[in-house]
1. Hey, what did chain B get for relative contact order, percent, Cα under 8 Å, at least 6 apart?
2. Dividing the Cα convex hull volume of region A:5-110 by residue count, how many Å³ per residue is that?
3. How many partner chain Cβ atoms sit within 10 Å of a residue's Cβ in peptide A:90-103, on average, as a whole number?
4. Need one word for chain B: rounded, prolate or oblate. Basis is the Cα gyration tensor (sqrt eigenvalues a ≥ b ≥ c); a/c below 1.5 gives rounded, then a/b vs b/c decides.
5. Suppose each label sits 7 Å from its Cα in the direction of the beta carbon; what would the residue A:111-residue B:71 distance come out to in nanometres?
6. From zero outward in steps of 5 Å, how is the percent of C-alpha pairs of region A:1-63 spread across the bins?
7. Can you pull the one-decimal nm distance between simple spin-label points at residue B:9 and residue B:64, each 7 Å off the Cα toward Cβ?
8. If N is the number of residues in the protein assembly as shown, what value comes out of its Cα radius of gyration divided by 2.2 N^0.38 Å?
C-alpha cells in the first residue's frame, strides 16, 4: 500500500520568506510526527499529533514554527521568516500503535 | 530523561565479516527500542524493534539485536556483511505510549555510518 508521502521533495527559499511543508500519512494512522535532520543536530523531534490535536509540541525550536493537521490526515508544517539555520531535511512519520513509518523528507535550503 | 548513545560514529568491515554496531540507552520508563537504517538519499527504514517481548530481536536483512537491561545496551549485529548494508544506522528509544496522549516520540542516537569493503 501507499506509504507516507511528503511534498515538495526539495525547497529552496530566500531568507525571510515563509514556507509550507506537507505530509500525507498512511491511511488510518492516527498519530503523526514531524522530525528534522540536520548536520549539526542529527535527528530531532519537532511535534506530535494524535488525531487533529498536538499534545506534544516540545520540539518546535521557535515561535516561527507551527504545524496543523486537518481531518485526522494531512499535516502542514509552516516556517515563517525562514533563517539559514532552518536548512535541513524535514521528515514526517505516521503510526497506528508503536511503529513509526517515515516519509522521504523535504530538503529545505534557505539562501 | 531518555537518551541514546551510539558508541561509534563510523564502523568499517569487510564483506562477509560480522557487523557489530553498539548502542547504550537511558530511560526512566520501560523503553521501546528500535534500529533504523538510512541509505544515501533514501528515507528511514525500520530494521527491528524491541517492545518487551523476547530480548533477542530479529529484523530484516539478517540483522538482529539483543536487549540487555543490566547493561542498558541494544547492540545491532549481523553475521556476514554485504555491500548493500553500507548505510547510516540509528539506534532509537521511545517511551511506550502507555497513556493515550503521551505520544511515543522517538529519540535518535547520532548515527553510525557503516562502510563495507569488498
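1. So the answer I get is 37 percent.
2. Convex hull volume per residue, Cα atoms: 88 Å³.
3. Partner Cβ neighbours, averaged per residue: 4.
4. Note, shape of chain B comes out prolate.
5. So the two model labels end up 5.0 nm from each other.
6. 4, 13, 19, 26, 23, 11, 4, 0
7. About 3.2 nm separates the two model spin labels.
8. 1.02
No value in this document is a laboratory result; all are computed from the given coordinates. Model, not experiment: these values are computed from the prediction. Using ideal geometry, Cβ is built from the backbone for each residue, glycine included, and neighbour counts are taken over all protein chains shown.
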